[in-house]
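The values are calculated or read from the model by the stated rules, or taken from the named source; none is laboratory data. Bear in mind that the values here come from a model prediction, so they are computed numbers and not experimental data. For neighbour counting, all protein chains shown are included, and Cβ atoms are generated from backbone atoms with ideal geometry for every residue, glycine included. The accessibility values were calculated without ligands, DNA or RNA, using every heavy atom of the protein model including side chains. Shrake-Rupley method; radii C 1.70, N 1.55, O 1.52, S 1.80 Å.
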Amino acid sequence: ASGGITEADTWRLSSELTLDGSINTWYFITTNWARASGDGFGQPGTGLTESSGVFSFPSTGYWLIDHWFNLAANGGDTQEWFISLHTTLNDADYGEATFTQSSQKNTNYSTSSNKRFVFDVTDTANCKFKWKTYYSAQNNVLQGGGYNYSGFDVIRLADT
């Protein structure tokens, strides 16, 4: 068949990522990334490449990035959690493209966030993205594993 979507990919955190470093600090998520798999998973096209949490595109175009992240909080204090998508057009200077936050005072709760962003990829060598997170209490866990608890889809929508 011809026409339609020619590129799509799904990535997820392959296992839980414990956020037990310094609180009140921003961290890039550089580990635990894996392409989704499982019954019925399909990936038309080449798909993204990843190196130390930095994702690169296989072709130029308008790309939809649709992400979801789930956090399990294990403390009793007020918890604040942020996640943001950072993009670059020159493979050097990253800026915040999306931002989401959650705050709750409770023990053993989970929360999720999701956002969408259309990235105009004009150069595959320079247009890239990565994820950054912040948390305000110890022992929080970004959920990961085989159920796609945390991750993202990318779909190439059109030529740029």
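Close amide-amide hydrogen proximity is noted between Thr98 and Leu85, each under 5 Å apart and 5 or more residues distant or on a separate chain (H modeled in the peptide plane; Pro and chain starts excluded). Around the Cα centre of the chain, unit charges on the Cβ atoms of Lys, Arg, Asp and Glu (plus for the first two, minus for the last two) sum to a dipole of about 220 debye. Average accessible surface for the stretch 118-160: 40 Å² per residue, computed with a 1.4 Å probe over protein heavy atoms with every protein chain in place.
Compare Asp120, Asp93, Asp39 in a GNM of the chain, Cα atoms joined below 10 Å, and give the one with the largest fluctuation. With Cα springs under 10 Å in the chain, the top fluctuation among Asp120, Asp93, Asp39 is at Asp39. When the square roots of the Cα gyration tensor eigenvalues are ordered a ≥ b ≥ c, the ratio a/c for the stretch 1-61 is 1.5 or more and a/b exceeds b/c, which makes its shape prolate. For the chain, with all protein chains present and a 1.4 Å probe, just round the carbon and sulfur fraction of the accessible area to a whole percent. Result for the chain: 43 percent of the exposed heavy-atom area is carbon or sulfur. Convex hull volume of the C-alpha atoms in the chain, normalised per residue: 103 Å³. With springs connecting C-alpha atoms under 10 Å apart, model the chain as a Gaussian network and identify which of Thr25, Thr133, Thr49 has the largest mean-square fluctuation. Fluctuation is largest for Thr25.
For the stretch 1-56, chymotrypsin sites (Phe, Trp or Tyr not before Pro) are listed when DSSP marks them as loop and at most 11 other Cβ atoms sit within 10 Å of their Cβ; the list is Phe41.
Considering only Val121, Thr133, Thr10, the residue lying farthest towards the positive end of the dipole of the chain is Thr133, judged by Cα position with unit charges set on Cβ. Each part gets one Cα centre, and for the stretch 122-160 versus the stretch 52-70 those centres are 7 Å apart.
In the complete set of protein chains, residue-level accessible area for Glu16 is approximately 110 Å², probe 1.4 angstrom. For Asp66, neighbours were defined as the other residues whose beta-carbon sits under 10 Å from its Cβ, and their charges (Lys and Arg +1, Asp and Glu -1) total +1.
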